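Trainee: Take a look at this one; I'll ask things after.
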Amino acid sequence: MFRKPAAAVRPLVLALVVASSAWAVSACAPIVLGGAYVGTMAATDRRTVGIQVEDKNIELKASSRLSGRYGDKGHINANAYNRKLLLTGEVPDEAAKRDAEEQARGVENVRAIVNELQIGIPTSLATRSNDVFIEGKIKASLVDAKDLFANSFRITVENGVAYLMGRVTEREGKRGAEIAAGVSGVKKVVKVFDYITEEELQDLSKVKAEQDQSQAATGSSGNR
């Protein structure tokens with residue numbers, strides 16, 4: 001089977017990951033990825049489907065609590081992975097930073113909060129657009145890395161600072177951080193990982209392989 005060289009594939013990968021992140025700049029942006037793509041991403045995630053759903057609910061509830069709370073003096077992003085909630089953005093003062101964390105703690109099913117809010121003026125739309133572009137470049141670079149599973153990482157970029165979340169081994173976390181740090185425009189890398197052992201990774205791989213075999217068998221029997 002003919003395969004496109006990596007150099008030809010990479011621009012397409014970058015375009016896809018940038019498009020999938022574009023909603024972060026505008027809440028009114030349409031969903032651009034098809035259900036099949038989203039379903040595949042969910043199936044290859046190291047979180048259970050139930051936790052993935054919980055994480056999305058946590059993000060929505062946290063964003064609802066914090067959106068507009070500080071008027072035009074604040075800009076907050078809420079990203080959840082494995083029920084760990086990461087807060088990034090800008091708030092007017094320390095009191096607002098503490099208040100934002102307190103509001104986030106009131107969200108159901110949150111097990112931990114990482115408060116990375118900065119004190120200062122909210123970033124411009126141009127800066128946020130550039131952050132989305134940088135995020136896309138990091139994701140594309142992770143896809144290029146043959147020794148990593150890119151979908152194990154959740155990337156958030158805020159004012160040039162790259163925050164890395166995911167269920168990864170220490171080896172994967174170190175390698176992923178090195179790749180992110182080497183991307184043009186990244187000022188700093190902050191690791192917000194949930195670490196697993198190499199043995200746990202092997203167990204996850206076995207479970208995934210068994211699930212794939214089961215789904216393949218079910219599909220074959222259904223097509224008869």
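The values are calculated or read from the model by the stated rules, or taken from the named source; none is laboratory data. The structure displayed is predicted, hence computed values, not measured ones. Counting neighbours? That spans all protein chains shown, and the Cβs are built from the backbone with ideal geometry, glycine included.
Trainee: Answer yes or no as to whether residue 32 is assigned to a loop (DSSP other than H, G, I, E, B), at pLDDT below 95, within 25 Å of residue 160 (Cβ to Cβ) and of a type in the set (Val, Ile, Thr). Working first, answer last.
Mentor: Working: assigned to a loop (DSSP other than H, G, I, E, B): yes; at pLDDT below 95: yes; within 25 Å of residue 160 (Cβ to Cβ): yes; of a type in the set (Val, Ile, Thr): yes.
Yes, satisfied.
Trainee: Are any residues in region 67-100 closer than 21 Å to residue 51 by Cα and of a type in the set (Lys, Arg), and if so, which ones? Quick ask: steps written out before the conclusion?
Mentor: From region 67-100, those closer than 21 Å to residue 51 by Cα are 77-87; that's our starting set.
83, 84, listed by residue number.
Trainee: Still on this structure: With the checklist (1) in contact (Cβ under 8 Å) with a residue 40 or more places away in the chain; (2) within 22 Å of residue 175 (Cα to Cα) in hand, flag the one item residue 117 doesn't pass.
Mentor: (2)
Trainee: Tell me which residues, restricted to region 77-107, are assigned to a strand (DSSP E or B) and of a type in the set (A, V, I, L, M, F, W, C). Spell out how you get there, then give the answer.
Mentor: Going through region 77-107, the residues assigned to a strand (DSSP E or B) turn out to be 77-81, 84-91.
Once the filter is applied, which keeps residues that are assigned to a strand (DSSP E or B) and of a type in the set (A, V, I, L, M, F, W, C), region 77-107 yields 78, 80, 85, 86, 87, 91.
Trainee: Still on this structure, please answer the following. Taking the residues in region 100-111 that are farther than 14 Å from residue 67 by Cβ and not polar (S, T, N, Q) as candidates, determine which candidate is surrounded by the fewest Cβ atoms within 10 Å (Cβ to Cβ). It would help to see each step written out before you state the result.
Mentor: First, the residues of region 100-111 that are farther than 14 Å from residue 67 by Cβ: 101-102, 105-106, 108-111.
Keeping just the survivors that are not polar (S, T, N, Q) gives 101-102, 105-106, 108, 110-111.
Values: 101: 15, 102: 11, 105: 12, 106: 10, 108: 8, 110: 19, 111: 11.
In this case the residue turns out to be 108.
Trainee: Here's another thing I want to ask about it. Hey, among the residues in region 174-193 that are without any contact (Cβ under 8 Å) to a residue 40 or more places away in the chain and closer than 18 Å to residue 47 by Cβ, which one's surrounded by the fewest Cβ atoms within 10 Å (Cβ to Cβ)? First the steps, then the outcome.
Mentor: Taking region 174-193 and keeping what is without any contact (Cβ under 8 Å) to a residue 40 or more places away in the chain, we get 174-178, 181, 187-189, 191, 193.
When the remaining residues are screened for being closer than 18 Å to residue 47 by Cβ, the result is 176, 191, 193.
Details: 176: 27, 191: 16, 193: 23.
The qualifying residue surrounded by the fewest Cβ atoms within 10 Å (Cβ to Cβ) is 191.
Trainee: Return the only residue of 154, 171, 167 being assigned to a helix (DSSP H, G or I) and either within 21 Å of residue 198 (Cβ to Cβ) or touching a residue at least 60 places away in the same chain (Cβ under 8 Å) (or both).
Mentor: Details: 154 fails: assigned to a helix (DSSP H, G or I); 167 fails: assigned to a helix (DSSP H, G or I).
Of the residues listed, the single one that is assigned to a helix (DSSP H, G or I) and either within 21 Å of residue 198 (Cβ to Cβ) or touching a residue at least 60 places away in the same chain (Cβ under 8 Å) (or both) is 171.
Trainee: Next up: Going residue by residue through region 173-187, is there one that turns out to be over 30 Å from residue 74 (Cβ atoms), modelled with pLDDT under 95 and not assigned by TED's automatic domain parsing to the domain that holds residue 87?
Mentor: no
Trainee: Sticking with this structure for a sec: Inspect all residues belonging to region 118-141 and state whether any of them is β-branched (Val, Ile, Thr), surrounded by fewer than 17 Cβ atoms within 10 Å (Cβ to Cβ) and not in a helix (DSSP H, G or I). Talk me through it step by step, then tell me what you get.
Mentor: Filtering region 118-141 down to residues β-branched (Val, Ile, Thr) leaves 119, 121, 123, 127, 132, 134, 138.
Subsequent filtering for residues that are surrounded by fewer than 17 Cβ atoms within 10 Å (Cβ to Cβ) retains 119, 121, 127.
Subset that is not in a helix (DSSP H, G or I): 119, 121.
So far as region 118-141 goes, yes, one or more of its residues are β-branched (Val, Ile, Thr), surrounded by fewer than 17 Cβ atoms within 10 Å (Cβ to Cβ) and not in a helix (DSSP H, G or I).
Trainee: So which residues in region 194-208 are in contact (Cβ under 8 Å) with a residue 60 or more places away in the chain and in a helix (DSSP H, G or I), if there are any at all?
Mentor: Within region 194-208, 204, 208 qualify.
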